[in-house]
Amino acid sequence: MSFDPFDINAIPIINEESEFFPLMSSEDEEEMNNEQMPEVLSILPLRNTVLFPGVVIPITVGRDKSIKLIREANKGKKMIGVVAQQDVAIEDPTFSQLNRVGTIAIIIKMLQMPDGNTTVILQGKKRFILKEEVQSEPYIRAIVETFKEIKPKEDKEFKAMVSSIKDMAMSIIQLSPNIPSEAGIAIRNIESTSFLINFISSNMNADMAAKQRMLEVANLRDRAKLVLEHLTLELQMLELKNQIQSKVRIDLDKQQRDYFLNQQLKTIQEELGGNTPDLEIENLRVRAMQKKWGKEVREHFDKELDKLARTNPAAADYSVQINYLELLLDLPWNEFTKDNFDLKRAQKILDRDHFGLDKVKQRIIEYLAVLKLKHNMKAPILCLVGPPGVGKTSLGKSIARALGRKYVRMALGGIRDEAEIRGHRKTYIGAMPGRIIQAIKKAGAANPVFILDEIDKVGNDFRGDPSSALLEVLDPEQNSTFYDHYVEVDFDLSNVMFIATANSLSTIQPALLDRMEVIDVNGYTIEEKIEIAKQHLVPKQREAHGLKAKDVTIKNDVLEKLIEDYTRESGVRSLEKKIGSVVRGVAKTIAMGEVHNAAVTKKDLEKLLGAPIFDKDLYEGNDVAGVVTGLAWTQVGGDILFIEASLSPGKGRLNQTGNLGDVMKESTSIAMAYLRAHAKDFGINPKVFDQWDVHVHVPAGATPKDGPSAGITMLTALTSAFTQRKVKPHLAMTGEITLRGRVLPVGGIKEKILAAKRADIKEIILSKSNRKDILEIKEDYIRDLKFHYVTTMREVIDLALLDEKVDNALDLTVKEEAQPVMN
């Protein structure tokens, strides 16, 4: 219930001569119900309240229509119809926007207030039903009919219900400090059951819709039940509020006690060890109030702050504790930057910053799309694997820029101590948090893009295993409670986007590798390097050396020569350095006032950079038997490889040179075994293997070579040597072989194919399973190449060897041994 101390309902009613009216008795109610009701009434819409029969309420009239109605009615019989409007927001409601049930009211008094408003005091008489509008201007008049009320039998149950209503209303008055005691006196003096229910309904803390429903209930028993339900709910709410206030009051009393004890403790400390820096501690406390940390962290901070307050400032632990608390305040607990999930914008940024790498970009966009839909970081950690200089770290920067997140990088190369990841315990002198927490603090947000650079170069010795400490960091199921030994409370890393980079997967711990989603970042092709140089490297170096576009230009053919003759890498770092050397040479010419040509030529390269550093391998023809062109993958891209097989009279020995690894030697042995087993299929006399020695050599002996991909090349070279047949011109091949003569797929196809094209190769033999790799290469790069997909070695020999023998072919006629003569 919500009685207003100035509400006329809470006290006896005032008459015209300002004398007090008694509360309505049963006789008054009976007389009021027997009064004749007019057929047509002027209707006053009420916006914020509902008038019940017998109840007196003051109304402030503000609408022009309502003021006119009140003034005309006050001059006449002073009887009007009062109806609550359905929507309180409507300023001028029409007849259809009023409720159907209202109350006839008598104007007791009309007052002109000092602020110019008109206040009228109304007393409800009886309910009525609106039937039909007869007038809308200057105010609403309508035909009404009597609302038939049903009076219940006053049995024990009904009397108990009324008594409960009265008791509950008295309890509410006692519990609520805002309701005056006079309201209780008024309720105790009400004799009429109907008026009691109306009086409480009018003053209870219910909304207009609930009060209107009470007004429209015809049966008094049902109306009493409805009032009882509302009073019960209101009483429960008041009791709950009082409980909460009592609990808060007890907590405040405890805080005041603690405050006085702390003040006494500070006084003692000042006597013992000088002044306590109260201001510094208060500043820490104020900063803590602005943090968004959870309950556990807040309690831990308060505990540590209290410990600081009890510590003597002259003690060594004081500065350690100050540093610790400041770290807790500096960490971004639940502080995030807003993500920008505009995938088209992200695609533009990636394309602008990196040329090529389409597969990697597509995977990153897919990854961002999942994050956009899921709105959390419960996803695999990305690991970009590829050779140096291909843009793995800068890809992380682009992702951060595309998402609108902070960017932090942590170099893991050479880290050997587990404490670098998880920090030191505070008990150690010079203890500090791990580099993960330090980087998060530096970022100032709990959701940065975090680059773990060179994760394959993490050390491992007697001081600890940092890669094992990273298992918790990079596990989406565990990193929400990352524990740093220095911080001593869990920090949530689940919103951090971790991107690891590596040059090789072989040195990464298997358990750590299993937690990451590996994305291969392959080296750039010659064509891609040319575009990167044109779009990024040349403009960057021009700007760095103070030149303009008109001062120096480098055409595609010059860039190609620069790439092939002066660099040997998968990435573009060396290329950028060489371009920088060229631009510096041009800058020197301009600074000295010498005449120069803005377009750099191939001859200019030799003047500025010296003689070419690397030689380009080209196809060398098929005039010699046993020489076959293979394809190889290196850390700096693809290359062609010549396999040479020669025969010399002997006893069937096999000699291999060229700095070959074990796997490559095994490929030669398999090829030799297969050729011996199927010699007749290729027109070779099996006895020839016992009378001729075989020497297999792979040029560039100073370069280590290994891998199974030269298997079919080895077999083709040996077959050509033993048959003295020519190899098909402008042909290269790559593939692994088995003893059964099967051809298996190999890796590095893109780099190998592009190397073959640069070496003037026209046809390439591959395993049928490598067809999918060819489909991933841009069609422009392989337009002039013809591919042969095979599954057996027989197909390779049929495609690779011509029927024509080489000039000056060896005579491999088998010499029959003389049979001993028996005497």
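Details
- Tensor-based shape of the chain (alpha-carbon gyration tensor, a/c under 1.5 rounded, otherwise prolate or oblate): prolate
- If the segment from residue 517 to residue 112 were pulled out straight at 0.36 nm per residue, it would be longer than the present Cα-Cα gap by 137.8 nm.
- Computed accessible area, residue 289, all protein chains, 1.4 angstrom probe, square angstrom: 140 Å²
- Cα gyration tensor shape for the stretch 87-223, rounded if a/c is under 1.5, else prolate or oblate: oblate
- Under 14 Å, Cα to Cα: Lys pairs in the stretch 634-762, sequence gap 8 or more or different chains: 4
- If the chain linking residue 802 and residue 316 were pulled fully straight, counting 0.36 nm for each residue of separation and taking away their Cα-Cα distance, it would gain 166.2 nm.
- Counting only protein heavy atoms and a 1.4 Å probe, the stretch 465-551 has 40 square angstrom of accessible area per residue.
- Sparse-neighbourhood loop sites, GluC sites (Glu not before Pro) in the stretch 767-812 - DSSP loop, at most 16 other Cβ within 10 angstrom: 776
- Simple spin-label estimate for residue 374 and residue 603 in nanometres, 7 Å along Cα-Cβ: 6.1 nm
- Within the chain, percent of DSSP bridges classed antiparallel, to nearest 5: 55 percent
- Rounded, prolate or oblate (a/c below 1.5 giving rounded, otherwise prolate when a/b exceeds b/c) for the stretch 623-774 by Cα gyration tensor: prolate
- Residue order for 773, 681 - accessible surface, 1.4 angstrom probe, largest first: 681, 773
- Exposure rank, largest accessible area first [620, 418, 133; 1.4 Å]: 620, 133, 418
- Using the Cβ-Cβ distance between residue 561 and residue 778 with R0 set to 25 Å, the FRET efficiency from 1/(1 + (r/R0)^6) comes to roughly 0.65.
- Average accessible surface for the stretch 314-434: 48 Å² per residue, computed with a 1.4 Å probe over protein heavy atoms with every protein chain in place.
- Accessible-area composition of the chain, carbon plus sulfur, in percent [1.4 Å probe]: 51 percent
- Rolling a 1.4 Å probe across all protein chains gives residue 666 an accessible area of roughly 110 Å².
- For the stretch 376-441, the convex hull spanned by the alpha carbon atoms encloses 140 Å³ per residue.
- Tilt relative to the chain, helix 711-723 - C-alpha long axis, 0 to 90 degrees, to 10: 20 degrees
- Zero-based 5 Å bins, Cα pair distances in the stretch 574-619, whole percents: 5, 18, 27, 23, 12, 7, 4, 2, 1, 0
- Rounded to the nearest 10 square angstrom, residue 39 shows an accessible area of 130 square angstrom against a 1.4 Å probe.
- Using C-alpha pairs under 8 Å with a sequence gap of at least 6, the mean separation divided by the residue count of the stretch 92-203 gives a relative contact order of 15 percent.
- The Cβ shell under 15 Å around residue 622 holds other residues with a net charge of -3, Lys and Arg each +1, Asp and Glu each -1.
- Accessible-area ranking of 348, 125, 768, largest first, probe 1.4 Å: 348, 768, 125
- Computed label-point distance, nm, for sites residue 153 and residue 256 using a 7 Å Cα→Cβ extension: 6.0 nm
- The helix-only estimate of mean residue ellipticity at 222 nm for the chain, built from DSSP H runs of length n ≥ 4 each weighted as -39500 (n - 2.57), is -12500 deg cm²/dmol after division by the residue total.
- Using a Förster distance of 25 Å, the FRET efficiency for residue 478-residue 341 (Cβ separation, nearest 0.05): 0.45
- Degrees separating the helix 316-330 axis from the principal Cα axis of the chain, which is the longest one: 80 degrees
- Tilt relative to the chain, helix 392-403 - C-alpha long axis, 0 to 90 degrees, to 10: 20 degrees
- Efficiency of FRET between residue 397 and residue 181 - r from beta-carbon atoms, R0 56 angstrom, step 0.05: 0.15
- Taking 7 Å steps out from each Cα toward its Cβ at residue 488 and residue 306 produces label points 1.4 nm apart.
The values are calculated or read from the model by the stated rules, or taken from the named source; none is laboratory data. Bear in mind that the values here come from a model prediction, so they are computed numbers and not experimental data. Note that each Cβ is placed from the backbone with ideal geometry, even for glycine, and that neighbours are counted across all protein chains shown. Surface accessibility is based on the protein's heavy atoms, side chains included, excluding ligands, DNA and RNA. Shrake-Rupley method; radii C 1.70, N 1.55, O 1.52, S 1.80 Å.
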